[in-house]
Amino acid sequence: KAGYIGGKEEHMFELMDGFLKNDPVSLQKDILHHVEYTVARSRFSFDDFEAYQALSHSVRDRLIERWHDTQQHFKKKDPKRLYFLSLEFLMGRSLSNSVNNLGIQDQCAEALNQLGFEYEVLAEQEGDAALGNGGLARLSACQMDSLATLDYPAWGYGLRYQYGLFRQIILDGYQHEQPDYWLNFGNPWEIERVHVSYAVKFYGTVEEEVVNGEKCKVWIPGETVEAVAYDNPIPGYGTRNTINLRLWAAKPSDGYDIESYTTGDYINAIVNRQKAEIISNVLYPDDRSYQGKELRLKQQYFFVSASLQDIIRRFKDAHGNFDNFPEKVALQLNDTHPSISIAELMRVLLDEEKLGWKKAWDIVRQVFSFTTHTVQQEALEKVPVDLFESVLPRHLQIIYDINFAFMEELKAKIGPDYARLSRMSIVEEGAVKNIRVANLSIVCSHTVNGVSRAHSELLKTRVFRDFYELWPEKFQYKTNGVTQRRWIVVSNPSLCALISKWLGTESWIRNIDLLARLREFASNSDLQKEWQMVKKVNKLRLAEYIETMSGVKVSLDAMFDVQIKRIHEYKRQLLNILGVIHRYDSIKNMEKSERRKVVPRVCIIGGKAPPGYEIAKKVIKLCHVVAETINNDNDVGDLLKLVFIPDYNVSVAELVIPGSDLSQHISTAGHEASGTGSMKFLMNGCLLLATDDGSTNEIIEEIGAENMFIFGAKINEVPTLREKGSTVKAPLQFARVVRMVRDGYFGFKDYFKSLCDTVENGKDFYLVGADFASYLEAQAAADRAYVDKEKWSEMSILCTAGSGRFSSDRTIEDYAENTWGIQPCKCPS
Ligand code: 6GP
């Protein structure tokens, strides 16, 4: 082991008594120690929450040991490191994940048992770390787990929001948002680094100076805020490697506003100082766009500037000059949110390191890789030039210079095609002049990744077509994946045990390809029976949760049909609800004898609507009023139930997914970049009802269309259907169910008018009407399949067996090899 204090190493080890031990008695001692000295409760009297805290601190101690060893090892080996820059990470809970990855769950359970506590109960005490909105943010979390597990020398960087994604409260069927002050009860999973802090500057002016006979620009900032590091250890599974997620919090800077102090306005000076903290206060809860928000731009720059200072400091500690910076540093831009780091790195290399434009630019274009997570052109970030100029005047100049060089290069290549030049320019001219952040990212990155094959095609043929034609070699894709550690092992322990039993090994937890061997047993009736038992137990757990949350009792014999994700028009929760209304209406119109043939369903919907997104909020209300009618109709009974699960988040997903039979991924084709929820359901043996969008196509290749329920217009059919608009006849059943909503069958007639208008009268941009008939057919096919229990179990096993390609381990290996150029760096155990 590397020692620090010459000659005293042995003594230090004596004092430390080696590393912490993981047997139940040692764990018990540690837990009691933390009860007494960290939580400061008497070891003779502490409750579940205090036990959770003490357990977390005991686990964290073990993480810290591994974290130290890993960082020390990286330092010694000095490999090329990946820095993953993301404004959002949806980590969820840490205890269960850490305990699992450390491989100490049984020992913890036993230790707690003897103290009179239950591990599972304590794990439930933890709130979610919800520092992100949806798909992009959870993907970052899954990828961190894979980076650690696969021993890559990686760091994550982000913002430590004090308020995470809002809590969704449902009152009378309407969504209300409440602040998620998640740090209220402390956060044992982070380590505050009071000494790791950097000054981040904003505003001010740029002046020209002559230094050594050369003209150079000097930025004289108007405001300084301090960024303080909070480290979150991310343990790998089955390895000692534990990497770091460093999140920045804004604190007032010491040098802040000296002026006010000297003028004697002491109180106001303090109040003003405190304003600095606003920057990292709150996560923007709308994942559609953030156009023109000053605070958003400041958040982006704040985290990027601090991260780059940290990265450059680490690099300089080991290297005398910047020559091999690109061989040692890979910077991953998780969407455009951190893209301002391009201009910031340029600025540091030019203005502070004085490398000159050519050298600086040469470095910059070798280090950045960019992944985009969206399809919609209108969702691409733009920042008004005026805003940019006021907040980051020097960066704007640099972007102009980059753009000038790019435009010259382009003109030389394509000639005076001004329409194309203006489309590709980083600066958008118009009534409001904007910086197109996506264009900046593409121009300055060596690689542009999409998140599924279909997404990549759309990028090449539509969204970034001009760029693809210019630089085809820059464009790649890495189909998303999710981590099986959280989405099977932690959230579905009985399925995990069953898989390991049949495969005769637990190695699939690190080597997901082994799952494919389950295919051999898919028709084995013993496995099928055990598989059904596991599902039943998970459904029971979910049914109990539903009853607690919504008071609705559901039958375990019913098919649990689930759609959980952010509420968006393109994700078409409305299509789902209209389908439920259709089912209800059909049951109502049946003879009693016919009703016996109906396959009972529990339709479950969960998700948050962005606070300012009126139509999405109406969808939530519609779900509630329809549920109210159906769930209280004795004609229907257990044949149909509709439930809305409030406050959907990562830990709710961990409970819901294992208990689902069928799940819906029904976006209008061409709108979902990838989708990752589908992959979690797939791993848990849940059948998919899906459109051919995002990664569905690749899922079909693994599972076979015959084991899924695919419906709806294809990506290339959508534009034509849209053009036809009102001439596309929606089926009669569609008109009928929309009419029921319009006419107030479920009440709130006036309120739902605008919602109905989005899918009728030739508007229906998301093709809810056009896809309706095909949706109902897919639903009917699912009903038919569900009746045959053996067949259904076989399909379910095949889903899990075919899910290996959708592990984030595969995605990360692909990134490491083909985008980042990094190698594993395994810390000796
Ligand atoms: C999401 C995409 O909508 C989803 O399809 C994809 O699976 C996920 O990213 C991960 O790649 N996008 C976002 O969450 C987002 O904020 C800007 O995009």
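The values are calculated or read from the model by the stated rules, or taken from the named source; none is laboratory data. Bear in mind that the values here come from a model prediction, so they are computed numbers and not experimental data. Quick reminder, even Gly has a Cβ in these numbers, built from the backbone with ideal geometry, and neighbours come from all protein chains shown.
Computed values, structure above
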{"item": "Lone unmet requirement of (1) over 30 Å from Lys618 (Cβ atoms); (2) aromatic (Phe, Trp, Tyr); (3) part of a loop (DSSP other than H, G, I, E, B) for Tyr570", "result": "(1)"}
{"item": "Cβ-Cβ under 8 Å pairs, at least 6 apart or on other chains, region 331-343 side free of Cβ contacts under 8 Å to residues at least 24 places away in the same chain and on the phi < 0 side of the Ramachandran plot, far side outside any strand (DSSP E or B) and more than 13 Å from the ligand (Cβ to nearest atom)", "result": "none"}
{"item": "Residue among Glu672, Glu594 that is within 16 Å of the ligand (Cβ to nearest atom), of a type in the set (D, E, K, R) and either in a strand (DSSP E or B) or farther than 22 Å from Leu542 by Cα (or both)", "result": "Glu672"}
{"item": "Some residue of region 122-140 being more than 14 Å from the ligand (Cβ to nearest atom) and part of a helix (DSSP H, G or I)", "result": "yes"}
{"item": "Qualifying residue in region 633-649 (condition: more than 16 Å from the ligand (Cβ to nearest atom), under 18 Å from Cys799 (Cα atoms), modelled with pLDDT of 95 or more and touching a Gly at 6+ places or on another chain (Cβ under 8 Å))", "result": "no"}
{"item": "Residue satisfying all of: in region 464-476; under 26 Å from the mean Cα position of the chain (by Cα) and surrounded by fewer than 22 Cβ atoms within 10 Å (Cβ to Cβ); farthest from Pro719 (Cα to Cα) among these", "result": "Lys474"}
{"item": "Tally of residues being part of a helix (DSSP H, G or I) and either over 28 Å from the mean Cα position of the chain (by Cα) or within 16 Å of the ligand (Cβ to nearest atom) (or both) across region 70-113", "result": "13"}
{"item": "Out of Leu732, Leu662, Leu682, Leu642, sole residue that is without any contact (Cβ under 8 Å) to a residue 40 or more places away in the chain and either surrounded by 23 or more Cβ atoms within 10 Å (Cβ to Cβ) or of a type outside the set (Lys, Arg) (or both)", "result": "Leu732"}
{"item": "Criterion (surrounded by fewer than 21 Cβ atoms within 10 Å (Cβ to Cβ), β-branched (Val, Ile, Thr) and not assigned by TED's automatic domain parsing to the domain that holds Leu136) met by exactly one of Thr819, Thr758, Thr811", "result": "Thr758"}
{"item": "Helices (runs of 4 or more DSSP H) completely within region 712-829 that count 1 or more residues being β-branched (Val, Ile, Thr)", "result": "718-724, 732-742, 772-787, 789-801, 808-815"}
{"item": "Selection count where residues are assigned to a helix (DSSP H, G or I), of a type in the set (Gly, Ala, Ser) and either in contact with a Lys or Arg (Cβ under 7 Å, 6 or more places away or on another chain) or surrounded by fewer than 22 Cβ atoms within 10 Å (Cβ to Cβ) (or both), scope region 273-309", "result": "2"}
{"item": "Qualifying residue in region 555-576 (condition: out of contact with any strand residue (DSSP E or B) (no Cβ under 9 Å at 6 or more places or on another chain) and under 30 Å from Ile234 (Cβ atoms))", "result": "yes"}
{"item": "Enumerated strands (runs of 3 or more DSSP E) restricted to region 372-486, each holding at least 2 residues that are on the phi < 0 side of the Ramachandran plot and in contact (Cβ under 8 Å) with a residue 60 or more places away in the chain", "result": "382-384, 447-450"}
{"item": "Boolean, Cys142 is buried (at least 23 other Cβ atoms within 10 Å of the Cβ), touching a residue at least 12 places away in the same chain (Cβ under 8 Å) and more than 25 Å from the chain's Cα centre (by Cα)", "result": "no"}
